[in-house]
Amino acid sequence: MKKQRIFLIIFIFLVIIFAVYKYSQSPSVQHLDKAFITVKAPLMNRSVLNENAAKENAKNNIEEVIFYHTSSGGIEYVVTFSKNKEEINFNRAINSIKKTFQDYNFQFTKTDTKSGVYIEGTFNKNGTVYGVKDLMIKNKNFFWQILTIYPNSKKNADKADKFIKSAMIDDKKIRN
């Protein structure tokens, strides 16, 4: 009887661990309050190290920057929010992306949207082709970047599309 209880307790514990892991990897709707945005993605965490580096590199242009990031199934999900001293120029942001991937034969298309710019492309790193989907949105001096990088496949591209399309800016909060 005692062995059965111990086995049952261990089994329940393992089920709970598996459920927590599975939940953290499954897309869920998350309101990233400090970034005034809602997205559907695996559980995202704030990345303070990236924020500090970005603030230092662009201290003359940025008042505030916030990064959220997660990785699931080989797909990188990133949300960047910044409050800038001046309205951001999309060409400068696009050039920054080009520079990031310049050593990896980055090929992309740019599409203007009603609220920003959408970049879709591929790059090759160590013989593996990766896809990139990047939606950039601005509202006055506020800027958002919703970015995915993934091993290039239809399945991963579909997950990246769902993430990009899920992004909703909370306009009411940024007006105040």
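The values are calculated or read from the model by the stated rules, or taken from the named source; none is laboratory data. Here the structure is a predicted model, which is why all the values come from computation and not from measurement. Here the Cβ is made from the backbone with ideal geometry for all residues, glycine too, and neighbour counts use every protein chain on show.
A compact table of results
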{"read-out": "Selection status of THR70, under 19 Å from the mean Cα position of the chain (by Cα) and modelled with pLDDT of 90 or more", "value": "yes"}
{"read-out": "Matching residues in the range 73-91 - criterion: being at pLDDT 85 or above, in contact with a strand residue (DSSP E or B) (Cβ under 7 Å, 6 or more places away or on another chain) and not basic (Lys, Arg)", "value": "GLY74, ILE75, GLU76, TYR77, VAL78, VAL79, THR80, PHE81, SER82, ASN84, PHE90"}
{"read-out": "Lone qualifier among ASP112, ASP158 - being modelled with pLDDT under 95, out of contact with any His (no Cβ under 9 Å at 6 or more places or on another chain) and either charged (D, E, K, R) or surrounded by fewer than 15 Cβ atoms within 10 Å (Cβ to Cβ) (or both)", "value": "ASP112"}
{"read-out": "Members of the range 126-155 that are crowded, with 16+ Cβ neighbours inside 10 Å and of a type in the set (A, V, I, L, M)", "value": "VAL132, LEU135, MET136, ILE137, ILE146, LEU147, ILE149"}
{"read-out": "Condition met for ILE97 (in contact (Cβ under 8 Å) with a residue 40 or more places away in the chain and β-branched (Val, Ile, Thr))", "value": "no"}
{"read-out": "Some residue of the range 19-29 being at pLDDT 70 or above, in contact with a Ser or Thr (Cβ under 6 Å, 6 or more places away or on another chain), surrounded by fewer than 16 Cβ atoms within 10 Å (Cβ to Cβ) and not in a helix (DSSP H, G or I)", "value": "no"}
{"read-out": "Which numbered condition GLU120 misses (of (1) part of a strand (DSSP E or B); (2) closer than 23 Å to SER28 by Cβ; (3) acidic (Asp, Glu))", "value": "(2)"}
{"read-out": "Residues located in the range 73-96, provided they are over 14 Å from the mean Cα position of the chain (by Cα) and either assigned to a helix (DSSP H, G or I) or among the acidic types (Asp, Glu) (or both)", "value": "GLU86, GLU87, PHE90, ASN91, ARG92, ALA93, ILE94, ASN95, SER96"}
{"read-out": "Count of residues meeting criterion [basic (Lys, Arg) and touching a strand residue (DSSP E or B) at 6+ places or on another chain (Cβ under 6 Å)] in the range 96-137", "value": "2"}
{"read-out": "Residue pairs meeting the criteria (Cβ under 6 Å; at least 6 apart or on separate chains; first within 9 Å of VAL132 (Cβ to Cβ), in the range 143-156; second acidic (Asp, Glu) and surrounded by fewer than 19 Cβ atoms within 10 Å (Cβ to Cβ))", "value": "ILE149/GLU76"}
